[in-house]
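Contents: one structure, followed by commentary.
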């Protein structure tokens, strides 16, 4: 069994070379940022599995990839890049990797929350332009953070936020006992939280989860942090809420189109803090990610 890593760009190729073992199945590295769908049949020919970090894998393109039986997606958000059920109908199984970056994403979430609360991105931008904006920020000690979704990342955010003196509310389809965390109905969480942080997986049921109706129920002046998936939020409704002040600030690491197109409305709003889908990018998380991807390949090669 052999595979191809179709977008081992930037540091990921180096990480792969660092963590690979002689007993791993052979993997061909294609070190590029973006792989056009039309070249997938040629690129994947002769391989049994594909490792994918962030490239689109359309079902129609995969129809011509007769040898591929497995997609190892390097993360949890495979649905943003492919349709697992349609691929399954072609005999291609999609594997995801959980837990590798819980701490990294949680720390980035907290960093975005504090940056939004104190207006750091706007302040930095204006100072670089020659200004000196001494703006008033929001103290978060004693404030409430509401976590929508409570998996590994949500639990890490709760640990850090609780340790900094915040009250932690959470909503999850199945409430879980967690020290220092109160589970609440979604309506209560939206109404009482000074910060809303999204930690849901993207599924057909959660797509557009935070729409105009839910945004209208937010506590006035709330901050929204999204390090999960852009499609969890109705972007137009979020922009409208930012414009009318219902939403004081949005701190975003994920976007409907990535990279964010030049001139996008979100980039023009002062009450938005942006980062480039990098919450999980730490050396520690990247090494865990690639190694666990290779572990899946080893299991598949062994017939598991």
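We did not get these values from a lab; they are worked out from the coordinates using the rules stated. Treat the numbers as computed from the prediction; the structure is a model and nothing was measured. So basically every Cβ, Gly included, is an ideal-geometry build from the backbone, and we count neighbours across all protein chains shown.
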Share (percent) of C-alpha pair distances in segment 102-274 greater than 19 Å works out to 54
Rg to Rh quotient for segment 176-304, alpha carbon positions, Kirkwood Rh: 1.06
Highest GNM mean-square fluctuation, the chain, Cα pairs closer than 10 Å: which of 252, 232, 87? 87
The helix 152-163 Cα axis meets the longest alpha-carbon principal axis of the chain at an angle in degrees, between 0 and 90 and rounded to 10, of 30
Net length gained if the chain between residue 38 and residue 56 were fully extended (0.36 nm per residue, minus Cα distance): 5.4 nm
Relative contact order [Cα under 8 Å, 6+ residues apart], segment 102-190, whole percent: 26
What do you get for the angle between helix 283-301 and the principal long axis of the chain? Use alpha-carbon atoms, 0 to 90 degrees, nearest ten. 40
For the chain, compute the orientation-averaged projected area of the C-alpha convex hull (one quarter of its surface), in nm². 17.0
Does a label point 7 Å from the Cα of residue 88, set along Cα-to-beta-carbon, have any residues of segment 39-76 with amide nitrogen under 19 Å, and which are they? 50, 57-60, 62-63, 68-76
Burial order of peptide ranges 287-295, 138-146 (average beta-carbon count within 10 Å, highest first): 287-295, 138-146
If R0 = 30 Å, then residue 129 and residue 256, at their Cβ-Cβ distance, give a FRET efficiency to the nearest 0.05 of 0.60
Antiparallel DSSP bridges in segment 188-289: what percent, to the nearest 5? 0
Using a 7 Å offset from Cα along Cα-Cβ at residue 139, what residues in segment 154-181 end up with backbone N under 20 Å from the label point? 161-168
Helix 235-244: angle to the longest alpha-carbon principal axis of the chain, degrees 0 to 90, nearest 10? 20
Most mobile of 169, 269, 218 per a Gaussian network model of the chain (Cα springs, under 10 Å)? 269
Points 7 angstrom from Cα along the Cβ direction at residue 298 and residue 268: gap in nanometres? 5.2
Helical contribution to [θ] at 222 nm, DSSP H n ≥ 4, -39,500 (n - 2.57), averaged over the chain, rounded to 500: -10000 deg cm²/dmol
If packing is taken as the mean number of other Cβ atoms within 10 Å per residue, what is the order of 171-182, 116-127, highest first? 116-127, 171-182
Just to be sure I understand: with springs between alpha-carbon atoms less than 10 Å apart, which residue in 261, 41, 26 has the highest mean-square fluctuation in the Gaussian network model of the chain? 261
